[in-house]
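The values are calculated or read from the model by the stated rules, or taken from the named source; none is laboratory data. Nothing here was measured: the structure is a model prediction, and the numbers come from that model. Here Cβ is always computed from backbone atoms with ideal geometry, including for glycine, and neighbour counts include all displayed protein chains. For accessibility, only protein heavy atoms count, side chains too; no ligands or nucleic acids. Shrake-Rupley method; radii C 1.70, N 1.55, O 1.52, S 1.80 Å.
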Amino acid sequence: SPFNAGEAALKAGNFREAKKQFQKVVQQDPNNATAHHRLAYLADMDKDYSIAEIHYLAALRIEPKNADIACDLGYSYLLQERSDDSRRYLEKALRFDPNHHYAKMNLATLHSQQGDYAAAMAMLRQAVSEEEAQAHIAQLFPDGPPEGMQVANNTPEISPATRELQQKLAQRSGS
């Protein structure tokens, strides 16, 4: 079937073929949310955001409570620096699935883009272990918290291992 051929092409990294197959699927079955979702994802990869948006919204019309689609649309808006739209769909994804890992990670990224260290850290702590949260925040804020930012005193002391990891990550991203 075109759908299986599209999935196989996507897995193999043959994005042009995947796109062709998923387009066949939506021509035959306009209500195939997954095919629309795949086309949206492929359009995002090409930075063809207007086409991506059309397919994400089509997929959400068919499956309005699908957290993965809402999250990916939120991420697409994040890539476009459309902060309000991004937040709306990432929060929607979390309403559909309160434990949606990628929605939390993408919201942390959105908060960091807006310079909101505390909100980014709070979201990371919901998504990953403290050690991973510390490592991610070091990537999102390579220079530490913004100037004048009071870091909450209830922040657990970070372990020497975490500090070492933060330094390694900072060096790697700085090179």
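Please find, within segment 79-110, the residue that is most open to solvent (accessible area, probe 1.4 Å) out of those that are closer than 17 Å to His37 by Cα and in contact with a Phe, Trp or Tyr (Cβ under 9 Å, 6 or more places away or on another chain).
If we take residues in segment 79-110 being closer than 17 Å to His37 by Cα and in contact with a Phe, Trp or Tyr (Cβ under 9 Å, 6 or more places away or on another chain), then Tyr102 is most open to solvent (accessible area, probe 1.4 Å).
Going through segment 1-50 one residue at a time, which ones are among the aromatic types (Phe, Trp, Tyr) and either crowded, with 20+ Cβ neighbours inside 10 Å or touching a residue at least 40 places away in the same chain (Cβ under 8 Å) (or both)? Let's see the steps before the verdict.
Our first condition is that a residue be among the aromatic types (Phe, Trp, Tyr); within segment 1-50, this holds for 3, 15, 22, 41, 49.
Correct list: Phe22, Tyr41.
Within segment 93-120, how many residues are more than 10 Å from the chain's Cα centre (by Cα) and touching a residue at least 24 places away in the same chain (Cβ under 8 Å)?
Within segment 93-120, the subset more than 10 Å from the chain's Cα centre (by Cα) is 93-100, 111-120.
With the extra rule that they be touching a residue at least 24 places away in the same chain (Cβ under 8 Å), the set shrinks to 93-94, 96-97, 100, 112-115, 117-118.
The total comes to 11.
Please state which of the following conditions Ile54 fails to meet, knowing it meets all the rest: (1) assigned to a loop (DSSP other than H, G, I, E, B); (2) open to solvent by 60 Å² or more (accessible area, probe 1.4 Å).
With (1) assigned to a loop (DSSP other than H, G, I, E, B); (2) open to solvent by 60 Å² or more (accessible area, probe 1.4 Å) applied to Ile54, the lone miss is (1).
I'm trying to understand the selection: among the residues of segment 100-132, which are outside any helix (DSSP H, G or I) and of a type in the set (Gly, Ala, Ser)?
Of the residues in segment 100-132, the ones outside any helix (DSSP H, G or I) are 100, 114-116, 128-129.
Within segment 100-132, Gly115, Ser129 meet the criteria.
Condition test on Leu90, is it modelled with pLDDT of 95 or more, closer than 17 Å to Ala120 by Cα and of a type outside the set (Ser, Thr, Tyr)? Give the derivation first.
On the way: modelled with pLDDT of 95 or more: yes; closer than 17 Å to Ala120 by Cα: yes; of a type outside the set (Ser, Thr, Tyr): yes.
Yes; evaluated as a whole, the condition is true for this residue.
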